[in-house]
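Engineer: Below you will find the structure I want to go over with you.
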Amino acid sequence: MTRSTEASGSTAWAVRLRWSTCRPARRNSIRFQSLLKIHQAVVGECPDWWVGVNCLDLPPREVFEHLAAEVAGVWVDNAEIDEQGAQQGRAEAIQAARSERGWQGLYFGGVAFKYQRPVEELEQAARLAARYMDVVTTGNWTRCACRR
């Protein structure tokens with residue numbers, strides 16, 4: 001983290017993390033322990049900021065085991081939604097892990113995102129996902145089977 005004072009006298013903070021969110025977590029990612037320490041430092045210096053994390057090296061259900069109450073939000077790349085399945089056992093396990101810990105932040109779950117399998121019915125996936133997370137996120141529309 002670096003601090004600079006501008007001519008106007010205001011102070012600006014910048015955090016520089018080198019990691020890749022374009023690849024699976026096993027490659028080129030920062031370890032969750034280091035990320036959470038960085039998060040703690042940023043929140044300590046800037047308590048009014050909304051600061052969340054994406055712990056790429058943990059499965060989604062394990063992320064909630066490590067969060068402090070000060071973590072305002074969590075992003076997971078794969079929220080384990082299967083738009084073709086009647087049961088959402090994996091998404092339910094993530095939801096249960098969050099509930100067990102009593103974590104109150106915002107959960108951003110990835111659906112039809114990056115390196116996941118193509119989603120046939122994005123609208124159905126989003127409808128299902130909304131039951132299990134606060135914010136349904138998606139990306140890489142070129143790989144979605146729903147885009148015609």
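Engineer: In nm, to one decimal, how far is the His66 label point from the Lys37 one, both placed 7 Å along Cα→Cβ?
Structural biologist: Rounded to a tenth, the inter-label distance reads 1.2 nm.
Engineer: Next question, about the same structure. Label Gln124 and Gln87 with points 7 Å out from Cα along Cα→Cβ: what is the distance between them in nm?
Structural biologist: Simple spin-label model gives 1.8 nm for this pair.
Engineer: So how much slack lies between Trp50 and Arg101, counting 0.36 nm per residue of separation and subtracting their Cα-Cα distance, in nm?
Structural biologist: Working it through step by step, the gained length comes to 16.3 nm.
Values in this text are rule-based calculations from the coordinates and carry no lab data. Given the structure is predicted, the values throughout are model-derived calculations rather than measurements. FYI the Cβ positions are ideal-geometry reconstructions off the backbone, even for glycines, and counts take in every protein chain you see.
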